[in-house]
Amino acid sequence: MIIDVLTLFPEMFDGILRTSILGRALQAKRLSVRLVNFRDFSTNNHRMVDDYPYGGGTGMVLAPDPIVRAVEDVVAKTPGVRRRVVLLSPQGRRLTQDIVEELAGLDHLVLICGHYEGFDERVRTLVVNDEISLGDYILTGGEIPAMAIIDAVARLLPGVLGNEESARRESFSDGWLEYPQYTRPPVYRGLSVPEVLLSGHHGEIARWRRREAIRRTLLRRPDLVNWSALTPEERKEVEAIAREENLPLPQQIAEGGAPPADPEGEN
Ligand code: 4GX
């Protein structure tokens, strides 16, 4: 996969692209990341890339021409492939693992990062076909969201994670948060490792882990639960944990339907 990053601050990417799994993915040529400073596409004498907003107001707006020409350049260098041109902004759809998987199936990904200011709307109209947000908070630029996307996509590419790590990934893609983990020593500052994990009873260990994964998810991220996809065993665990934790027993568990509407709009 080829990822082109359009940014005024390419040096921000130096560290992460050299480090650990990303560095390995690049070395192994599973992934190629090209950093494009769209200031190089400015035709202005002063290499300016922004200008005053029509209609007035504070701040500056990234002019369309350098960005549009930079996109045209990377597209011309990478013809005839499955491609997405993504603008990073708080106005995009929030990044999820489903979106990461979608992007990991492409041949060419173009990530456009703005800094401080917004983009001239014609950038969206002319060259952008996806807009993604890292989350509902304001950053100084799209570079960190672009890095998050590169990192999350790279680990899904064939051959990037070792066998062990990719097997681990599959075992955790069952929809629950991770169960609590422990290593040596068996007692640390008075805190013991749960007895069952030292027992060697693999069946009991697997049941304990599933139960604690479900407990964590119900307590911390009930919004992640796909109520209609629970196995009968999971459903029984959910009912038992809801009783133990004094959680309101979800209506949909009892009736087997969709969850009730959340009046706070949180879920
Ligand atoms: N997830 N930012 C983009 C410039 C900007 C302003 C307005 C478009 C319209 C962000 C995020 C994020 C700050 C990057 C504003 N672009 N990007 N930048 N959250 O906060 O992606």
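Listed values, structure above:
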read-out: Surrounding net charge for R122, when Lys and Arg each add one and Asp and Glu each subtract one, Cβ distance under 13 Å; value: -2
read-out: R216 paired with R34, simple spin-label distance in nm, labels 7 Å along Cα-to-beta-carbon; value: 4.1 nm
read-out: Within-15-Å neighbourhood charge of D73 [Cβ basis; K, R +1; D, E -1]; value: +1
read-out: Rounded to the nearest 20 debye, dipole of segment 51-173 from Cβ charges on Lys, Arg, Asp, Glu; value: 200 debye
read-out: Residue (of P186, P222, L111) at the positive-pole extreme of segment 104-249, dipole from beta-carbon charges; value: P186
read-out: For H115, H201, H108, H46, order by how many other beta-carbon atoms lie within 10 Å, fewest first; value: H46, H201, H115, H108
read-out: Backbone HN-Hα couplings from phi across segment 140-146 [Karplus 6.51/-1.76/1.60, Hz, Gly and Pro as x]; value: 7, x, x, 5, 5, x, 4
read-out: Approximate shape of segment 2-156 as ellipsoid semi-axes (Cα gyration tensor, √5λ), whole Å, largest first; value: 25, 17, 15
read-out: Rg/Rh (Cα only; Kirkwood hydrodynamic radius) as it applies to the chain; value: 1.07
read-out: With 5 Å bins from 0: P(r) over segment 187-252, alpha-carbon pairs, percent; value: 3, 15, 24, 21, 15, 12, 7, 2, 1
read-out: Residue order, fewest to most surrounding Cβ atoms within 10 angstrom, among F38, F119, F9; value: F9, F119, F38
read-out: Residues D50, D151, sorted so that the one with the fewest Cβ neighbours within 10 Å comes first; value: D151, D50
read-out: Dipole moment magnitude, nearest 20 debye, segment 15-74 about Cα centre, only Lys, Arg, Asp, Glu C-beta charged; value: 580 debye
read-out: Rounded to the nearest 20 debye, dipole of the chain from Cβ charges on Lys, Arg, Asp, Glu; value: 880 debye
read-out: For segment 1-82: Kirkwood Rh in Å [reciprocal of mean 1/r, alpha carbons]; value: 14.7 Å
read-out: Dipole of the chain [Lys/Arg +1, Asp/Glu -1 at C-beta], most positive-end residue of G162, A242, V5; value: G162
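Just so you know, all these numbers are worked out from the coordinates, no wet-lab data involved. Predicted model, so just to flag it, every value in this text is computed and none were measured. Cβ atoms come from the backbone with ideal geometry, glycine included; neighbour counts cover every protein chain shown.
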